[in-house]
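Peer 1: Dropping a structure here in structure tokens format, bear with me for questions.
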Amino acid sequence: MPSTTLTLISSMATKALLADLVAAYSAQHPEVSVAVTSVGGVDAARRVVAGEAFDIVALASDALEKLAASGHVAGDSRVDMVHSAVAVAVPAGAAHPDIATEAALKAAVLAAPTLGYSTGPSGVQLAQLFERWGIAQQIAPRIVTPPPGTSVASLVAKGEVALGFQQLSEMTGVAGIDVIGGLPEAVQIVTTFSAARATASTQPDAVQALLAFLASPATAALKQRHGMKAV
């Protein structure tokens, strides 16, 4: 029976990856049980700031930096886990627009009847890209914003979004969609996801052991299977 229980909160982008990483860790350390809560990244940060007790917080690195600055996570405990790139998907069987170049991607965005992207860090950067292209106002009525905890991929699968943008990890293995590729290199958006010990944790040694595992070279192949690159 586990003698130590750790609690971890993460954004949805790493939900499936962390489930597999935690399962691998628990297999090696049966004395440790890890309970993972995965919600929208903004909501996760809000819950930590509100004082909800967790042992580990796993979010985009910039969100963790803010939590460290406000004293909610221990900055010196942070480990970078993965680099995660944005991919583009259409409903299964739909035509695949050309997205090989920045100009082609812009044309595909302008032609899409509906568009969807996450409310997380990648979505913020996509919105900035559309602003830079000068098309933000033109496409605004066609943007479908997923409710908190709902993936863009699921909306693409239902046909509610014709062209969806999200972390490749959140699109991998989703039925009902075709992932047509990543963003062109010139405008690719890569988010680093990291983990750190919450200052509210009373189990620093157990936390550090798990953090070390999450960042260890032994997890690289598993991360790749989830569409991410080990840091």
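The values are calculated or read from the model by the stated rules, or taken from the named source; none is laboratory data. As the structure is a computational prediction, the values presented were derived from the model and not from experiment. Quick reminder, even Gly has a Cβ in these numbers, built from the backbone with ideal geometry, and neighbours come from all protein chains shown. Note: areas computed on protein heavy atoms with side chains; ligands, DNA, RNA excluded. Shrake-Rupley method; radii C 1.70, N 1.55, O 1.52, S 1.80 Å.
Peer 1: Go through segment 72-106 and count every residue that is farther than 26 Å from Lys158 by Cβ, in contact (Cβ under 8 Å) with a residue 12 or more places away in the chain and not hydrophobic (A, V, I, L, M, F, W, C).
Peer 2: Final tally of qualifying residues: 8.
Peer 1: Could we say that Gln125 is over 20 Å from the mean Cα position of the chain (by Cα), polar (S, T, N, Q), assigned to a helix (DSSP H, G or I) and farther than 30 Å from Pro204 by Cβ here?
Peer 2: no
Peer 1: Keeping to segment 208-231, report how many residues are among the hydrophobic types (A, V, I, L, M, F, W, C), closer than 14 Å to Val82 by Cβ and touching a helix residue (DSSP H, G or I) at 6+ places or on another chain (Cβ under 8 Å).
Peer 2: Residues meeting the conditions: 6.
Peer 1: Let me ask something else. If the Cβ limit is 9 Å and pairs must be 6+ apart or interchain, which residue in segment 140-161 that is over 21 Å from Ala44 (Cα atoms) and of a type in the set (D, E, K, R) pairs with which residue that is open to solvent by 50 Å² or more (accessible area, probe 1.4 Å) and part of a loop (DSSP other than H, G, I, E, B)?
Peer 2: Arg142/Pro113
Peer 1: Mind listing whichever residues of segment 1-25 are at pLDDT 95 or above and among the small types (Gly, Ala, Ser)?
Peer 2: Ser10, Ala19, Ala23, Ala24
Peer 1: For segment 54-122, which strands (runs of 3 or more DSSP E) that fit wholly inside it have 2 or more residues that are open to solvent by 50 Å² or more (accessible area, probe 1.4 Å)?
Peer 2: By residue number, 79-91.
Peer 1: Residue pairs, Cβ under 9 Å, 6 or more apart or interchain, first in segment 185-198 and under 24 Å from Ala74 (Cα atoms) and at pLDDT below 95, second hydroxyl-bearing (Ser, Thr, Tyr) and open to solvent by 10 Å² or more (accessible area, probe 1.4 Å). List them.
Peer 2: Listed by first residue and then by second, the contacts come to Thr191/Ser61.
Peer 1: Sticking with this structure for a sec: Please pick out the residue among Ala19, Ala24 that is part of a helix (DSSP H, G or I), surrounded by fewer than 19 Cβ atoms within 10 Å (Cβ to Cβ), of a type in the set (A, V, I, L, M) and in contact (Cβ under 8 Å) with a residue 60 or more places away in the chain.
Peer 2: Checking each option against the conditions leaves just Ala24.
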